[in-house]
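Everything below concerns the one structure shown next.
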Amino acid sequence: MKKLLPFSLLCFALLLSSFVLRPESGGYQVGDKATDFKLKNIDGKMVSLADNKAAKGYIVVFTCNTCPYAKAYESRIIALNEKYAPLGYPVIAINPNDPVVAPGDSFEAMKTKKYAFPYLLDESQQVAKAYGATRTPHLYLLKRQANDLVVSYIGAIDDNSEDAKLVKTNYLENALAEIMAGKPASTSTTKAIGCTIKWKQA
Amino acid sequence: MLLGLGLLLALPGRSQQVAVIKFPELQKRLSRPTDTTYVVNFWATWCAPCVKELPNFEQVGTTYANQKVKVLLVSLDYASQLDKKVRPFVRQRALKSEVVLLNESDPNSWLEEVDAKWTGSIPFTLIVNNKTKQRATFERELSKAQLTAALQKFL
């Protein structure tokens with residue numbers, strides 16, 4: 001017991017330091033302004049955030065054809081667009097995977113999807129890098145503030161990837177409700193498991 | 001004779017049982033004040049880069065069998081896939097490292113506690129020695145050389 005106490009103190013200190021000394025990770029944090037992009041949609045047209053002047057914001061989701069987690073969330077992403085596009089927050093899906101590594105994520109394969117929202121190819125992977133996306137699905141909620149689109153929530157859609165019926169906390173929808181009411185999201189960053197983005201091999 | 005028969009009978013079933021655990025149990029195991037270096041790899045049968053790097057972890061387990069190194073493979077497959085995917089996979093590959101399945105539905109409730117920097121993509125590897133207070137994490141695929149180099153710093 002005598003030995004345990006200093007150890008548990010150290011554990012606590014380590015735990016504390018892991019929060020305090022958390023290094024700045026690449027990409028956007030909540031509160032950052034999102035820079036616009038111009039990416040090719042599966043219909044061949046180029047899409048920018050600036051195109052839709054009426055949007056109050058965007059649900060930007062990095063996703064793909066191949067990841068089981070992306071597949072598990074596909075119908076939920078479609079439902080999010082159905083529900084929130086009319087409220088001013090449409091979905092923009094971006095596929096960042098290198099088709100050389102993941103052939104199922106080629107532009108041709110992406111075209112088999114028939115979404116009511118853009119499904120964009122991030123060919124250079126620069127947009128995923130700018131956002132700091134690491135996995136699919138990885139979601140960023142943007143809210144228009146004056147002339148800017150401000151990152152207002154980053155993370156998971158909900159707390160149960162396997163079964164939408166077993167979801168207890170709808171992280172994104174809770175955040176959206178607060179943001180649409182003009183408040184900051186009380187839980188503005190969440191973490192989720194996903195497939196690592198298939199980066200181009202150097 | 002009996003022993004031989006017993007061994008023979010045990011042989012087909014020699015592949016390990018995969019324990020299904022909750023996060024507090026994993027946390028408890030990883031916080032024990034032991035001088036054994038734990039190499040903990042978070043993976044899943046559906047994760048191609050994870051499956052690709054698994055042999056490296058198996059090899060490390062064999063190479064360092066005589067040293068205080070323990071390889072723990074934490075599957076993030078859904079618990080519902082235990083008999084359908086995970087156990088057959090472990091059996092087919094004859095995995096020697098201990099495999100557990102972490103049965104937690106909300107990663108947001110535990111990812112941060114494994115590592116504050118972990119954004120949630122896998123493969124993810126944690127090497128930890130509680131005696132020497134050393135710790136290293138990798139949110140990416142590791143080659144055999146990279147894994148060995150990382151582990152050497154602990155030995």
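The figures follow:
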| read-out | value |
| --- | --- |
| Selected residue (only one of A:ALA146, A:ALA181, A:ALA164 is closer than 17 Å to A:ILE77 by Cβ and of a type in the set (Gly, Ala, Ser)) | A:ALA164 |
| Members of segment A:19-49 found to be assigned to a helix (DSSP H, G or I) and modelled with pLDDT under 95, listed by number | A:PHE19, A:VAL20 |
| Which numbered condition B:THR34 fails, given (1) touching a residue at least 60 places away in the same chain (Cβ under 8 Å); (2) assigned to a helix (DSSP H, G or I) | (2) |
| Residue in segment B:7-27 that is assigned to a helix (DSSP H, G or I) and within 14 Å of another protein chain (Cβ to nearest Cβ) present | yes |
| In segment A:170-189, residue nearest to the other protein chains (Cβ to nearest Cβ) [restricted to those that are of a type in the set (Ser, Thr, Tyr) and touching a Ser or Thr at 6+ places or on another chain (Cβ under 9 Å)] | A:TYR171 |
| Positions within segment A:132-169 being out of contact with any strand residue (DSSP E or B) (no Cβ under 9 Å at 6 or more places or on another chain), within 12 Å of another protein chain (Cβ to nearest Cβ) and among the aliphatic types (A, V, I, L, M), in sequence order | A:ALA164, A:LEU166, A:VAL167 |
| Failed item, numbered, when A:LYS114 is tested on (1) surrounded by fewer than 22 Cβ atoms within 10 Å (Cβ to Cβ); (2) more than 20 Å from A:LEU39 (Cβ to Cβ) | (2) |
| Restricting segment B:97-139 to residues that are part of a loop (DSSP other than H, G, I, E, B) and in contact (Cβ under 8 Å) with a residue 40 or more places away in the chain, the residue that is surrounded by the most Cβ atoms within 10 Å (Cβ to Cβ) | B:PRO123 |
| Residue in segment A:95-110 that is surrounded by 21 or more Cβ atoms within 10 Å (Cβ to Cβ), among the β-branched types (Val, Ile, Thr) and more than 12 Å from every other protein chain (Cβ to nearest Cβ) present | no |
| Residue check, A:TYR69 within 28 Å of B:CYS50 (Cβ to Cβ), surrounded by 21 or more Cβ atoms within 10 Å (Cβ to Cβ) and under 14 Å from the mean Cα position of the chain (by Cα) | yes |
| Answer residue from segment A:190-202, given it is within 12 Å of chain B (Cβ to nearest Cβ) and assigned to a loop (DSSP other than H, G, I, E, B) and is surrounded by the most Cβ atoms within 10 Å (Cβ to Cβ) among those | A:THR190 |
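The values are calculated or read from the model by the stated rules, or taken from the named source; none is laboratory data. Just so you know, these numbers come straight off a predicted model, no measurement behind them. Using ideal geometry, Cβ is built from the backbone for each residue, glycine included, and neighbour counts are taken over all protein chains shown.
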